[in-house]
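S.K.: Here's a structure for you.
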Amino acid sequence: MRNLIIATLATLAVVGCGAPGTSDFVQKAATSDMYEVQAGKLAAEKGQSDAVKQFGQQMVDAHTKTTEELTGIVKSKNIKVDLPATLDAKHQKLIDDLNSASAQDFNKTYANQQVDAHQEAVDLFKKYASSGDDADVKQFAEKTLPTIEHHLDEAKKLPVGPPSA
């Protein structure tokens, strides 16, 4: 009996590691984009270095574009999914943390969030690109993945300290 339980749990763990379903992927990608746009606007406004401000604006532009593209696919294929109108609690907390960060801590808070958020997005897009169940959404994930990986690399280079005097 114990071996059966262990085998069942192992199977569930493997199945759980697969690609998200299309609607789950679309919701997560759309929420991620929404967060990136809001965080990018804050960084463009409150960033304490030109690099952070420019990266923030780049995120606004890039993630607005991917939102439009993904929304177009969802509508043209009539994919049954409720696109988020607001951020989930996790992403709203990240925005709240940015809003409450002191000027001295803003760059560090934003840079750390960006590394984490883009790593999550890379993982999500890789899984869907490799084994997603909708050809058009899978192609979108494959095409978008290198850009997200580039964003991750750039986020890792953001200045985290207070600006030099």
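The values are calculated or read from the model by the stated rules, or taken from the named source; none is laboratory data. Here the structure is a predicted model, which means the values were calculated and not measured. So basically every Cβ, Gly included, is an ideal-geometry build from the backbone, and we count neighbours across all protein chains shown. For accessibility, only protein heavy atoms count, side chains too; no ligands or nucleic acids. Shrake-Rupley method; radii C 1.70, N 1.55, O 1.52, S 1.80 Å.
S.K.: Just to be sure I understand the rule: take each whole DSSP H helix in the chain, project its Cα atoms onto its long axis, keep it if the span is 18 Å or more and its mean Kyte-Doolittle hydropathy is at least -0.5. Which ones pass?
M.R.: Values: long enough: 2-16 (21 Å, 1.63); 22-46 (35 Å, -0.46); 50-77 (40 Å, -0.66); 103-131 (43 Å, -0.97); 135-155 (30 Å, -0.65).
Helices meeting the span and hydropathy rule in the chain are 2-16, 22-46.
S.K.: If you don't mind, there's one more thing I want to ask. Considering only protein heavy atoms and a probe of 1.4 Å, how much of the accessible area of the chain is carbon and sulfur, as a whole percent?
M.R.: Heavy-atom surface of the chain belonging to carbon and sulfur, 1.4 Å probe: 54 percent.
S.K.: Now a separate question. Which of the lysines could be linked to Lys53 by a straight reach, that is with a Cα gap under 30 Å, when you skip same-chain ones fewer than 8 residues away?
M.R.: Lys28, Lys41, Lys65, Lys90, Lys93, Lys108, Lys126, Lys143, Lys156, Lys157
S.K.: Another one. If each residue of separation counts as 0.36 nm, what is the full-extension length gain between Ala85 and Ser102 once their alpha-carbon separation is subtracted?
M.R.: Length difference between fully extended and current span is 3.3 nm.
S.K.: So what are the radius of gyration and Dmax for the Cα set of the range 98-146, in Å?
M.R.: Computed over the Cα atoms of the range 98-146, radius of gyration and Dmax are 15.2, 46 Å.
S.K.: What whole-number value in Å² describes the accessible area per residue of the chain for a 1.4 Å probe?
M.R.: Accessible area per residue, the chain: 56 Å².
S.K.: What percentages make up the Cα-Cα pair-distance distribution of the range 77-165 when the bins are 5 Å wide from 0?
M.R.: 2, 13, 16, 18, 19, 14, 9, 5, 3, 1, 0
S.K.: What is the distance, in nm, between label points placed 7 Å from the Cα along the Cα-to-Cβ direction at Gln58 and at Asp24?
M.R.: 3.2
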